[in-house]
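Reviewing the structure listed below.
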Amino acid sequence: MKQPFLGLALGGGGARGAAHIGILHVLHENKIIPELLAGTSAGAVIGAMYAARPEPQWIENRFGEFLMNENTKFRATAILMNDRNAETLLEKATKKIQDHFAVILGVNRSYIIKRDVIDEMLEYLLPVKTFEELQIPLKVVATDIQSACEHVYDKGNLLEAVSRSCSIPGFVKPTNDGDAMLVDGGVTNPLPISVLKPECDFVLAINIDRGSLPRMKSPNMVEIMKRADLITGSRLTTEILREADFLIAPDVLGLHWSDYDHFEPLVANGRKAAEENLVELKNEIRRKSNVFYKVKQWLA
């Protein structure tokens with residue numbers, strides 16, 4: 001079977017994943033259709049939706065409908081996911097650390113919400129249940145927090161794989177599978193370019209990393225530890241990006257992964273970023289799909 005030419009890697013970033021939709025709009029309108037997809041976390045969700053039904057407008061409508069639905073478990077837990085202001089769960093917890101609130105929470109529980117919140121979301125968003133029903137092949141990345149290894153899924157239960165990929169460590173209950181404890185794929189592979197490289201001639205990567213972090217004000221120990229993890233993750237993503245043949249990095253407004261109140265601006269920014277890179281992307285695809293370029297690469 002002929003090797004796929006164009007692979008599309010969709011990075012993780014929670015709410016920032018809305019920017020993926022805007023980019024897919026522009027690619028689709030210009031008939032730049034990936035032959036293989038790979039996604040981590042939010043990228044796995046959008047990737048699975050597109051692989052199942054390659055219609056960006058349907059994805060935007062469906063996701064928007066879900067976010068507006070007030071009767072979901074997701075909506076009920078939204079306040080827990082929102083740590084962008086002074087009244088959030090994390091800051092309330094850290095303010096009370098002298099009363100051992102945060103310490104007790106961390107010692108006695110490995111998560112804040114059950115995975116059924118994610119499962120319910122995927123049941124609503126994904127029109128198919130298995131990888132075999134997808135119109136475009138997809139690879140989904142999760143992380144075994146026990147072994148520090150990534151798990152790549154491309155067959156069987158699609159909902160299960162994507163749910164594992166979206167299980168943010170410490171926030172969503174991890175999934176136990178034998179000796180493995182599976183959590184968000186972003187822990188090991190926030191932008192799964194490496195998953196596509198061996199199988200595709202050209203990898204287009206979409207980075208929705210938060211970018212520069214806001215300055216901390218009177219940081220406590222939990223905030224400092226959290227910031228350290230964010231910096232490590234950002235540096236990892238920067239190194240991974242070097243593997244891409246082409247990169248699009250939309251303006252994600254510096255939003256936290258839990259900020260689902262900016263869906264439309266993020267979609268618009270994704271579209272804008274893709275349009276700004278469109279001519280260069282087409283030129284690179286044309287250049288690298290040229291038979292003489294391929295022969296030159298093979299000889300090298």
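FYI, it's all coordinate maths here, none of it is from the lab. Because the structure is predicted, anything quoted here is derived from the model rather than measured. Cβ coordinates were reconstructed from backbone atoms using ideal geometry, including for glycine residues, and neighbour counts include every protein chain displayed.
For this structure, a couple of remarks:
- Computed FRET value (nearest 0.05) for Leu253 with Glu276, which takes r as the C-beta separation and R₀ as 22 Å: 0.85
- Among 135-142, 174-181, 19-26, 7-14, the peptide with the highest mean count of other Cβ atoms within 10 Å heads the list, and the full ranking is 7-14, 19-26, 135-142, 174-181.
- Most to least packed among 60-71, 40-51 [average Cβ atoms within 10 Å]: 40-51, 60-71
- Kirkwood-Stokes translational diffusion coefficient of the range 161-243, alpha-carbon pairs, 37 °C, 0.692 mPa s, µm²/s: 221
- Segment Ser234..Asp116, full-extension length gain: 39.6 nm, with 0.36 nm per residue of separation and the alpha-carbon distance subtracted.
- Length available on full extension from Glu123 to Ser194: 0.36 nm per residue minus the Cα-Cα distance, which gives 22.7 nm.
- For the range 211-289 and the range 24-72, distance of Cα centres in Å: 18
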